[in-house]
1. Just checking, how many residues over the range 277-308 are among the acidic types (D, E) and not in a helix (DSSP H, G or I)?
2. Out of the residues in the range 32-53 meeting the condition of being over 18 Å from A355 (Cβ atoms) and touching a strand residue (DSSP E or B) at 6+ places or on another chain (Cβ under 9 Å), tell me which one is modelled with the lowest pLDDT.
3. Take the conditions closer than 25 Å to L358 by Cα, among the small types (G, A, S) and part of a loop (DSSP other than H, G, I, E, B) and apply them to G403. Does it pass?
4. Looking at (1) more than 24 Å from R160 (Cα to Cα); (2) in contact (Cβ under 8 Å) with a residue 12 or more places away in the chain, which is the only condition D325 fails?
5. Are any residues in the range 103-159 among the basic types (K, R) and touching an Asp or Glu at 6+ places or on another chain (Cβ under 6 Å), and if so, which ones?
6. For V288, all conditions in the list (1) within 14 Å of the chain's Cα centre (by Cα); (2) at pLDDT below 95; (3) surrounded by fewer than 21 Cβ atoms within 10 Å (Cβ to Cβ) hold save one; what is the number of the exception?
7. Any chance the range 346-368 includes a residue that's in a strand (DSSP E or B), surrounded by fewer than 23 Cβ atoms within 10 Å (Cβ to Cβ) and touching a residue at least 24 places away in the same chain (Cβ under 8 Å)?
Amino acid sequence: MRPDFSRRRFLHGLGTLIALPALEALTPARSLAAAAKSGLKSQHPLRMAFIYSPNGKNMAHWTPSKTGADYELTRALKPLAGVKDQFQVISGLKHDKAFANGDGGGDHARANATFLTGVQARKTSGADIRAGISVDQVAANAVGQLTKLPSLELSCDEARRAGNCDSGYSCAYQFNLAWKNETMPIAPERDPRLAFERLFSNGLAGEAEAARAKRDFYNKSILDFVNEDARTLHKHLGYTDRQKLDEYMSSIRDIERRITSAGKAANDMPAYNKPAGIPDSYEEHIRVMFDLMALAFQTDTTRVSSFLLAHDGSNRTFADIGVPDQHHGISHHQNDAEKLEKIAKIDEFYSRQLAYFLEKLKNTKEGSGSLLDNCMIVFGGGISDPDRHSHADLPVILAGGGGGTLKPGRHIRVNNDPMCNLFLSMLDRIGVKEARHGDSTGRLEVIG
């Protein structure tokens, strides 16, 4: 007699709890019936991600000249050509609360602090920081109890929780996107190894440490600890589910190998104080984090995530693409053609990383469609033209199908609507009906 796996969601092992991807054998019929009664066109859960790109854009190479579905990709957007039908470019959104509004300098700090909160940050470099709850945490408060992790926060920056980082603003504003409440930012995880273990540990005191020590001693993969459980499940799955499970576990092993290789490379560097597991290449660092986010969504380990690619005001350099200059430094371009060209190259770099992530989600099958069909991915920043520190007409992409409720594949323009109007419309789609968020004035109905 075939065992009942309808409530099965995890593979178990010492110190390990690996959530399973969406398998046909594990989808109860009642989920399909519930979906039919809802406004969504998919029985799968919606996921939300917010990805922050720093220091504005070369807007002349970002904004398409035409609206609608037949718009042409600009230079900055051309790396996304393979997924053009999977996202919409939204022009005309603004963050009023990122402007000074009497507070003087500090546009980079305000850009980060306001991006997901829509709230004017209190100008202080002390402990009395104050902003507002971020949209990702509004969502996590509503759906987080349904998953292992309420939300997942990632970054490629080292954490800075105190000190003066921008014209009298605390570093806490620039180095965090997620805010649990108005006084409590949530520090993102920078180390892929720690993010990986957060996703796949079982959370039991002592077991995770014991399993890690055993893995290190025997040089084993985390998958070795769930092999027996996986073999038992494998025998009772159909061909399609077996193939999906094998691909999923191969993905886990590949990420684990890349993290381990990065750790070894870092340890081999003489007099180089770098935490094990963080790739030397910025591009590889971004991509392994995107891979972890994709796995977290694929397995429904979390439905909400944020990723700070770099903080606003970042002086990261990009020698690999021919830009050895500091990003923030050249962002004050004063219409200098050479600086604008370098900014354009950096913009293309970040678009390539987004394309990598979206293509991974698109190629991950979920039901009759893809994982990307059941996602809402915001990519953008709190500054448009960096030379003017403008927080209007922000560079924003909304990717994914939103469970059939979004209309990707086009460029739309709105009339100085608050960014928080977009967030309210996204919250609606996951069943969270908020009257307001930040400085919202209504819903952004045009996205669906």
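1. Total satisfying the criteria: 2.
2. We begin by selecting, within the range 32-53, every residue over 18 Å from A355 (Cβ atoms); these are 32-48.
Of the ones still in play, those that are also touching a strand residue (DSSP E or B) at 6+ places or on another chain (Cβ under 9 Å) are 42, 44, 46-48.
Details: S42: 68, H44: 90, L46: 97, R47: 98, M48: 98.
Looking at residues that are over 18 Å from A355 (Cβ atoms) and touching a strand residue (DSSP E or B) at 6+ places or on another chain (Cβ under 9 Å), I get S42.
3. Numbers: closer than 25 Å to L358 by Cα: yes; among the small types (G, A, S): yes; part of a loop (DSSP other than H, G, I, E, B): no.
Judged against the criteria, G403 is not a match.
4. (1)
5. Selection gives K123, R130.
6. Exception for V288: condition (3).
7. To start, the set of residues in the range 346-368 that are in a strand (DSSP E or B) comprises 365-366.
Add one more test, that the residue is surrounded by fewer than 23 Cβ atoms within 10 Å (Cβ to Cβ), and what stays is 365-366.
Then drop every residue that is not touching a residue at least 24 places away in the same chain (Cβ under 8 Å), which leaves 365-366.
Yes, because at least one residue in the range 346-368 is in a strand (DSSP E or B), surrounded by fewer than 23 Cβ atoms within 10 Å (Cβ to Cβ) and touching a residue at least 24 places away in the same chain (Cβ under 8 Å).
Rundown of residues vs (1) under 23 Å from N176 (Cβ atoms); (2) under 18 Å from the mean Cα position of the chain (by Cα); (3) not charged (D, E, K, R), yes/no style:
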{"position": "D320", "(1), (2), (3)": "no, no, no"}
{"position": "P324", "(1), (2), (3)": "no, no, yes"}
{"position": "S331", "(1), (2), (3)": "yes, no, yes"}
{"position": "Y350", "(1), (2), (3)": "yes, yes, yes"}
{"position": "E366", "(1), (2), (3)": "no, no, no"}
{"position": "S384", "(1), (2), (3)": "yes, no, yes"}
{"position": "H389", "(1), (2), (3)": "yes, no, yes"}
{"position": "P395", "(1), (2), (3)": "yes, yes, yes"}
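The values are calculated or read from the model by the stated rules, or taken from the named source; none is laboratory data. Bear in mind that the values here come from a model prediction, so they are computed numbers and not experimental data. Every residue, glycine among them, receives a Cβ derived from its backbone with ideal geometry; neighbour counts consider all protein chains shown.
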